[in-house]
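Everything on this sheet refers to the single structure shown next.
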Amino acid sequence: MSIAATTTLVLTNATDAQFRAWGSAISAKLSAAGWVQTSDTGQINWTTVTAPAAISTAQGYEIWRMADTLQATVPVFMKLEYGSASGGATFPSLWFTVGSGSNGTGSLTGITTVRRALEANGATATPVTTYWSGDTNRFVFFAIAGTLGPSLFMSIERTKDSAGADTAEGCLIINKTLLAFGQVAWNAITGPYTAYETTLGCLGPSVSPFGTSGTQIGVYPVYLSKGVFMNPGMNVFAYYDATIGQGAPVTFSVYGATHTYMPIGTANSNALAFRGGTPTGSAVMIRYD
């Protein structure tokens with residue numbers, strides 16, 4: 001049930017209708033990708049929920065689970081809470097948590113990730129371009145609005161073996177809160193390997209020409225850590241904005257198979273930081289197939 005789509009979102013909580021619109025859009029795309037919403041009681045009702053009236057306020061939650069073949073033996077459950085950011089009641093925010101089950105009344109079970117706020121650093125009534133991609137074992141989206149505008153980004157996928165196949169270990173998670181990207185690897189049995197790291201595990205060149213050689217252009221996988229680097233995921237790659245145009249899909253081989261990616265651009269990758277240094281013009285691209 002893989003999806004790849006470009007839409008627009010109005011990222012503001014200024015009215016009930018606007019709050020419902022951006023939140024329900026995320027919910028709808030998870031469903032379209034094949035994720036399954038649990039039957040936990042008390043989940044958010046997109047017809048009746050009202051916009052938050054104060055900062056850092058969640059108006060309701062949803063719990064979603066993967067629906068791939070590994071889910072029966074290595075379950076992955078994701079809780080999303082929809083509300084307002086710390087910067088203002090009209091600023092959208094998601095709270096993101098992953099666990100291995102739910103108790104039926106809204107709490108995740110197992111050893112969970114920390115509850116992380118994915119906050120927009122502003123609000124806008126102008127629709128912003130939003131890219132989505134997902135399947136029953138992964139999901140990624142990026143709502144982009146430039147350096148000073150609001151943006152929302154999250155990525156989750158199963159861990160990979162050396163051939164790029166899913167493994168039963170856990171999940172690779174990358175997201176953005178305010179102006180900081182973060183990554184964490186979660187083990188389905190023992191929980192997160194580390195705290196959220198604020199530098200992405202990209203090991204690209206740090207000086208010009210930034211991975212270009214003639215007509216060849218470098219893109220760089222993100223290595224998450226469990227004390228040693230893990231096999232990289234497929235949802236997010238890094239690149240240098242001057243070499244690839246924003247918003248124009250590109251294709252290249254990942255683990256021996258061709259996949260499509262959407263470049264997000266430098267302005268939307270602000271506060272991006274890599275291990276070992278981050279050259280000016282660094283950006284991220286997300287899977288788009």
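Just so you know, all these numbers are worked out from the coordinates, no wet-lab data involved. The shown structure was predicted, so the numbers you read here are calculated from the model rather than taken from an experiment. Reconstructed Cβ throughout: ideal geometry from the backbone, glycine too, with neighbour counts over all protein chains shown.
May I ask you to derive the FRET efficiency for Thr126 and Thr167 from their Cβ-Cβ distance with R0 = 41 Å, giving the value to the nearest 0.05?
Details: r = 42 Å, r/R0 = 1.02.
Efficiency, from the Cβ-Cβ distance: 0.50.
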Go through the range 117-133 residue by residue and turn each phi into a ³J(HN,Hα) via Karplus (6.51, -1.76, 1.60, θ = phi - 60°); whole Hz please, and just put x for glycine and proline.
7, 9, 9, 6, 9, x, 9, 8, 8, 7, x, 10, 5, 9, 9, 10, 7
Karplus-derived HN-Hα couplings along the range 12-20 (A = 6.51, B = -1.76, C = 1.60, θ = phi - 60°), whole Hz, x at Gly and Pro:
7, 9, 4, 10, 4, 5, 5, 4, 4
Whole Å is fine, so just give me how far the alpha carbon centre of the range 1-44 lies from that of the range 267-289.
26 Å
Using a Gaussian network model on the chain with a 10 Å cutoff between Cα atoms, which of Ala257, Ala21, Ala248 fluctuates the most?
Ala257
Please report the spacing between the Cα centers of the range 168-189 and the range 90-110 in Å, no decimals.
14 Å
What residues from the range 150-174 fall in the zone where the backbone N is under 16 Å from a label point 7 Å along the Cα-to-C-beta line of Lys226?
157-174
Suppose each label sits 7 Å from its Cα in the direction of the beta carbon; what would the Leu178-Thr15 distance come out to in nanometres?
3.1 nm
Evaluate the Debye formula for the range 1-137 with equal point scatterers sitting on the alpha carbons, no solvent, and hand back log10 of I(q)/I(0) at q = 0.13, 0.14, 0.16, 0.18 Å⁻¹, in q order, two decimals.
-0.55, -0.64, -0.84, -1.04
